[in-house]
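Derivation of every value follows stated rules applied to the coordinates shown; laboratory data play no part. Small disclaimer: the values here were computed from a predicted structure and weren't measured. Cβ: placed from backbone, ideal geometry, glycine included. Neighbour counts: every protein chain shown.
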Amino acid sequence: MSNTNNNTGLECPNCKGKIKFSFEDLLYKNYIICPFCALKMEMTIPESMKKHLVEIMEAEKKIKSLKNTIDDASLQKQLQELDLLDISKYMVPSKNQ
Ligand SMILES: [Zn+2]
């Protein structure tokens, strides 16, 4: 496997698995659970960042209303612009589940 540049997702700090997430996950969940090792990570995304995410999400939905999905490349580009690819900095592994 080459670099992770082509993959949108959070690298699990525990098992290094690639955790896929959506805008909805970022906005409406307070945590993400790694599907590989079940590590629970609490998300503390700043409100200002969430506002940007909502705006992007609404715009993407209009553009892609026929497909009703956001493709990875587009998602990654938007996240990159928001400096959100390194979203792990907003997450704290939670030991107590
Ligand atoms: Zn994991």
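Summary table below
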| quantity | calculated |
| --- | --- |
| Phi-based couplings in Hz for segment 13-18 (Karplus 6.51, -1.76, 1.60; Gly and Pro marked x) | x, 8, 10, 6, x, 8 |
| Per-peptide average of other Cβ atoms within 10 Å, ordering 28-39, 12-23 highest first | 12-23, 28-39 |
| For Ile19, residues with placed amide H under 5 Å, excluding near neighbours | Leu10, Glu11, Cys12 |
| FRET efficiency, Tyr90 to Glu55 (Cβ-Cβ, R0 22 Å, nearest 0.05) | 0.75 |
